[in-house]
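For reference, the structure is listed below as structure tokens.
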Amino acid sequence: MENIVTEITKKVFDCLPTEITEITGKGVVNSVFKVETPKGIFILRLQKGAENLKNFKKEKWATEKALVAGASTAPILEVGVYDDYAFSFQEFIEGDHAEEKHVDQEGVWEELGKIAKKLHGIKVEGFGENLFFEENTDGEKDWKSLVTSHKNRLFENDTFLKLEILSKEELEKIEYLIEEMSSWYVEPVLCHGN
């Protein structure tokens, strides 16, 4: 993997890394590396499969919108594909991971709330993981479509019933509540998980 990190760094920054450190245990989707170069320190995230480039493009778009709205986040400098890996390079920001040392939990949640408020003020088109942005047109066009698609996935194959997680009565109540939700008016805004 270090060879791929070196080649991507060379391609993007036209220089070789002076140090590569893999960051583990902080997420489940991407392989993450701290890459030090003569041009600066960066975070490189990799996802196997060129088709995952759309995730990084969307994240770059969302990050740019968040920065304009005043949320503090590391700018994403470059996204692309190399050797069947989608990649994303962003600036490295020094800091502590909340799990590594004692932090003021109340202060962290208060700050996250302030950031979320800024993000939730960013209007978008469509809903869900594949919301509409730039060239992407795979999103759910309306709230009802999003709720219905999630409901269908939740209840397909009666998994909750088969695993005895929920009773038939509980499932019927949840399904009814979700169906009620589909009639709500919800304005599409940027949020984590889109």
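The values are calculated or read from the model by the stated rules, or taken from the named source; none is laboratory data. Just so it is clear, the structure is predicted and the values come from calculations on it, not from any experiment. Neighbour counts are summed over all protein chains in view; Cβ atoms, including those assigned to glycine, are modelled from backbone coordinates with ideal geometry. In case anyone asks, the SASA skips ligands and DNA or RNA and just uses the protein heavy atoms, side chains included. Shrake-Rupley method; radii C 1.70, N 1.55, O 1.52, S 1.80 Å.
Here are the numbers:
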item: Listed residues PHE13, PHE89, PHE56, most fluctuating in the chain (Gaussian network, C-alpha, under 10 Å); result: PHE13
item: Selected from ASP14, ASP142, ASP158 as most flexible by GNM, with the chain as the system and alpha-carbon contacts under 10 Å; result: ASP158
item: Per residue value of the accessible surface for the stretch 33-91 (all protein chains in place, 1.4 Å probe), Å²; result: 45
item: Expected 222 nm ellipticity per residue - DSSP helices of 4 or more, -39500 (n - 2.57), all of the chain, to 500; result: -12000 deg cm²/dmol
item: Eligible lysines near LYS117 by straight Cα distance, threshold 18 Å, same-chain separation 8 or greater; result: LYS65
item: Between helix 2-13 and the chain: long-axis angle, C-alpha atoms, 0 to 90°, nearest 10; result: 80
item: Cα-derived Rg over Rh, computed across the chain with Rh taken as Kirkwood radius; result: 1.03
item: Cα centroid of the stretch 45-96 to Cα centroid of the stretch 155-170, whole Å; result: 37
item: Coarse-grained scattering of the stretch 35-96 at q = 0.21, 0.25 Å⁻¹, given as base-10 log I(q)/I(0) from a Debye sum over alpha-carbon atoms; result: -0.86, -1.05
item: Amide H contacts under 5 Å for LEU77, placed H, 5+ residues apart; result: PHE89, GLN90, GLU91
item: Residue of VAL81, VAL147, VAL108 that the Gaussian network model of the chain assigns the largest fluctuation, springs spanning Cα pairs under 10 Å; result: VAL108
item: Dipole magnitude of the chain about its Cα centre (Cβ charges: Lys, Arg +1; Asp, Glu -1), debye to nearest 20; result: 420
item: Value of relative contact order over the chain, rounded to a whole percent, pairs C-alpha under 8 Å and six or more apart; result: 15
item: The stretch 150-165 - phi-based ³J(HN,Hα) in whole Hz, Karplus 6.51/-1.76/1.60, Gly and Pro as x; result: 5, 4, 4, 5, 4, 9, 5, 6, 6, 4, 4, 6, 4, 8, 6, 7
item: Qualifying lysines (Cα of each under 26 Å from Cα of LYS151; at least 8 residues distant if same chain); result: LYS54, LYS58, LYS123, LYS141, LYS162, LYS168, LYS173
item: Selection from GLY25, LEU53, VAL12, by position along the positive dipole direction of the chain (Cβ); result: VAL12
item: Heavy-atom accessible surface of the stretch 1-122: percent carbon and sulfur, 1.4 Å; result: 51
